[in-house]
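Below you'll find the structure, written out as structure tokens, and then a few comments.
The values are calculated or read from the model by the stated rules, or taken from the named source; none is laboratory data. Note that the structure is a prediction, hence the values are computed from the model and not measured. Every residue, glycine as well, gets a Cβ built from its backbone with ideal geometry; the counts of neighbours run over all protein chains shown.
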Amino acid sequence: MASTETTLESCALCGASDFDMLYKRTNNHSNIVTCRNCQVTFSNPQIEMNYADHKKYVANYLKNENGRRKTAQWRLDQIKKFKSEGKIFEVGCSGGLFLDEARKSGFEPSGAELNKDAVTYGRDHLGLTVHEEIDLKNINFQKKCDIVALFNVLEHVPKPTEFINTIKDHVLADHGIIVIEVPNIFTVHSKLFGTKGQHLSIAHLFYFSEKSLEDYLESMGLTILDKQWGKRIYPIGLSFEIVLRRHKFLKNIVSGVLKAFGLFDKDTSLNTKDFLFYIVGRKTAA
């Protein structure tokens, strides 16, 4: 995939120019720094990937279709605490499995996706409305959406403030909610793995802790309605392969043991604080 590289002289969120180095650049990720002012952690330089032509994108996505659908159902259960029907729009919807599950639950789904093969899969195989569009302002929303879903999207966005403002102004209904999930690199095991942590990636531009994400959402005029750790429902073997993908020797040992005991393909519900899961709405006047 082609990419472009940009060095930031100031924090994209608060404008401050004093950073502390968290991790130096490796083959897995760029330099990762933390803003001394707002405490948001980000890649610098930032490397924007071209996802449109990634040929293995859909194939990798569908390897765990069953687990992704079960994860989608868990996410929908959280959404239904606040919205049980209405228009749901997913930014970065990939092949559309979450939207397909949302449709089964009675929602009116649509989404946006950059990868061309994923757009085709969502449209042709699942019959979904999927926009191949990077700029949400270019999508004609005849009726604004009750739910906007951002699952592992915000960390990829080069201008998060502009992005969230576009959602608030152009996409989200007045009493709508935004569902945000981002990876968490501030867990104990992430710190132990260091530069080989599973969430450190060239493709990730921003990294949020609980505090920095909550401060950021507050600054964007949003109020937190619900917060918890994101859940993944995957086969046990695949879960370990993802977590240990940069530790080949250990990954092979664990995979061998799981296969020997017949556990490799057994589904498990993972909740290891690896993902921050928030549901937010517009802040209302007191």
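Consider region 185-207. How many of its residues are without any contact (Cβ under 8 Å) to a residue 12 or more places away in the chain and hydrophobic (A, V, I, L, M, F, W, C)?
2
Which of (1) part of a loop (DSSP other than H, G, I, E, B); (2) modelled with pLDDT of 95 or more; (3) under 15 Å from the mean Cα position of the chain (by Cα) is the odd one out, the single condition Ala149 does not satisfy?
Tallying (1) part of a loop (DSSP other than H, G, I, E, B); (2) modelled with pLDDT of 95 or more; (3) under 15 Å from the mean Cα position of the chain (by Cα), Ala149 fails exactly one: (1).
Residues are listed down the side, and each one gets a yes or a no for (1) basic (Lys, Arg); (2) more than 18 Å from the chain's Cα centre (by Cα); (3) outside any loop (DSSP other than H, G, I, E, B):
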| site | (1), (2), (3) |
| --- | --- |
| Thr71 | no, no, yes |
| Arg75 | yes, no, yes |
| Ser84 | no, yes, no |
| Glu90 | no, no, yes |
| Ser94 | no, no, no |
| Leu99 | no, no, yes |
| Ala102 | no, no, yes |
| Ser110 | no, no, yes |
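Going through region 106-122 one residue at a time, which ones are modelled with pLDDT of 95 or more, surrounded by fewer than 17 Cβ atoms within 10 Å (Cβ to Cβ) and over 19 Å from Cys145 (Cβ atoms)?
Correct list: Thr120 only.
Name the residues in region 173-228 that are over 21 Å from Arg75 (Cα atoms), of a type in the set (A, V, I, L, M, F, W, C), touching a strand residue (DSSP E or B) at 6+ places or on another chain (Cβ under 6 Å) and surrounded by fewer than 20 Cβ atoms within 10 Å (Cβ to Cβ), would you?
Across region 173-228, the qualifying residues are Ile202, Ala203.
List the helices (runs of 4 or more DSSP H) inside region 152-253, counting only whole elements, that have at least 2 residues being at pLDDT below 90.
188-193, 236-243
Restricted to region 37-57, and to residues that are surrounded by 20 or more Cβ atoms within 10 Å (Cβ to Cβ) and either aromatic (Phe, Trp, Tyr) or touching an Asp or Glu at 6+ places or on another chain (Cβ under 6 Å) (or both), which residue is nearest to Leu99 (Cα to Cα)?
Among those that are surrounded by 20 or more Cβ atoms within 10 Å (Cβ to Cβ) and either aromatic (Phe, Trp, Tyr) or touching an Asp or Glu at 6+ places or on another chain (Cβ under 6 Å) (or both), it is Tyr57.
Determine which single condition Asp100 fails, assuming it passes every other condition in (1) modelled with pLDDT of 95 or more; (2) closer than 20 Å to Asp267 by Cβ; (3) out of contact with any Leu (no Cβ under 8 Å at 6 or more places or on another chain).
It fails just one condition, (3).
Could you figure out which of (1) touching a residue at least 60 places away in the same chain (Cβ under 8 Å); (2) of a type in the set (Val, Ile, Thr); (3) over 22 Å from Gly221 (Cβ atoms) isn't true of Val182?
Evaluating Val182 over (1) touching a residue at least 60 places away in the same chain (Cβ under 8 Å); (2) of a type in the set (Val, Ile, Thr); (3) over 22 Å from Gly221 (Cβ atoms) leaves (3) as the failure.
Provide a single number: the residues in region 112-131 that are within 17 Å of the chain's Cα centre (by Cα) and touching a residue at least 60 places away in the same chain (Cβ under 8 Å).
3
So that you can scan it fast, the table gives a plain yes or no per residue for (1) in contact with a Cys (Cβ under 9 Å, 6 or more places away or on another chain); (2) surrounded by 18 or more Cβ atoms within 10 Å (Cβ to Cβ); (3) under 30 Å from Glu218 (Cβ atoms); (4) free of Cβ contacts under 8 Å to residues at least 24 places away in the same chain:
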| position | (1), (2), (3), (4) |
| --- | --- |
| Lys104 | no, no, no, yes |
| Glu133 | no, no, yes, yes |
| Leu136 | no, yes, yes, no |
| Val157 | no, yes, yes, no |
| Pro160 | no, yes, yes, no |
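Anything in region 58-69 that is of a type outside the set (S, T, N, Q) and surrounded by 18 or more Cβ atoms within 10 Å (Cβ to Cβ)? List them, or say none.
Val58, Tyr61, Gly67, Arg68
Suppose we keep only residues that are over 20 Å from Lys55 (Cβ atoms) and aliphatic (A, V, I, L, M) within region 127-146. Which one would you say is modelled with the highest pLDDT?
Among those residues, the one meeting the criterion is Leu128.
One residue is enough: does region 35-57 have a residue meeting the conditions among the basic types (Lys, Arg) and touching a residue at least 60 places away in the same chain (Cβ under 8 Å)?
For region 35-57, residues among the basic types (Lys, Arg) and touching a residue at least 60 places away in the same chain (Cβ under 8 Å): present.
Hey, any hits in region 76-87 for a residue that's within 30 Å of Asp226 (Cβ to Cβ) and small (Gly, Ala, Ser)?
Checking region 76-87: at least one residue is within 30 Å of Asp226 (Cβ to Cβ) and small (Gly, Ala, Ser).
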